[in-house]
Amino acid sequence: MKDDTCIFCKIANGEIPSATVYEDEMFRVILDMGPASRGHALILPKNHFSDVCALDEETSSKVLALGAKIGAAMKKSLGCDGFNLVQNNGEAAGQTVFHFHMHVIPRYAGGPDMVSWKPGEASAEELAKTAECIRKELE
Ligand code: 5GP
Ligand code: ZN
């Protein structure tokens with residue numbers, strides 16, 4: 001379940017040192033080397049999964065609760081006012097390291113805008129058509 005060519009496998013398993021904020025049997029949580037804000041962390045499973053679609057059930061069932069735990073600790077320790085949990089899947093979505101990871105990005109009141117988008121427009125008919133398109137695939 002490790003990939004010898006994957007840098008996040010090496011970091012998660014301690015072969016490459018990192019600024020670690022949390023570790024258990026399944027996960028290591030490290031600080032991002034290019035932080036969007038002070039404390040920006042990455043939750044890395046110790047096993048290799050390319051993205052969220054590849055996760056096993058145990059990992060996916062635990063990662064969100066871990067994100068909440070890290071975010072709550074950031075609010076107390078760093079004094080951030082909120083945090084974003086962000087998770088990119090695929091190059092088109094901004095994924096650059098193809099070992100599943102979840103960003104925990106502390107947000108400070110009055111700080112810069114990030115993790116945001118300009119709301120678009122769609123008619124009710126268009127929304128209904130798109131919803132049907134996805135729903136069919138899920139049937
Ligand atoms: P992605 O764009 O794939 O969602 O996020 C990858 C993140 O990993 C980026 O924010 C990048 O700064 C971070 N990153 C890439 N390589 C390393 C590394 O070797 N060490 C650490 N600490 N962060 C890394
Ligand atoms: Zn990996």
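The values are calculated or read from the model by the stated rules, or taken from the named source; none is laboratory data. What you are looking at is a predicted structure, and each value in this text was computed from that prediction instead of being measured. FYI the Cβ positions are ideal-geometry reconstructions off the backbone, even for glycines, and counts take in every protein chain you see. Heavy atoms of the whole protein, side chains included, go into the accessibility calculation; ligands, DNA and RNA do not. Shrake-Rupley method; radii C 1.70, N 1.55, O 1.52, S 1.80 Å.
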Residues of segment 48-61 being without any contact (Cβ under 8 Å) to a residue 12 or more places away in the chain and not polar (S, T, N, Q), in sequence order, are D56, E57
Step by step: first the residues of segment 7-26, then only those that are in a loop (DSSP other than H, G, I, E, B) and more than 11 Å from ligand 1 (Cβ to nearest atom), then the one that is surrounded by the fewest Cβ atoms within 10 Å (Cβ to Cβ). Which residue is that? E25
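From P45, P17, P35, grab the single residue that is free of Cβ contacts under 8 Å to residues at least 60 places away in the same chain and within 11 Å of ligand 2 (Cβ to nearest atom).
Only one candidate qualifies: P45.
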Just to be sure I understand the filter: pairs with C-beta atoms under 9 Å, separated by 6 or more residues or on different chains, first member in segment 112-139 and under 28 Å from N84 (Cβ atoms), second member open to solvent by less than 80 Å² (accessible area, probe 1.4 Å) and part of a loop (DSSP other than H, G, I, E, B). Which pairs pass? P112/A36; P112/S37; M114/A36; M114/S37; V115/A36; T130/A122
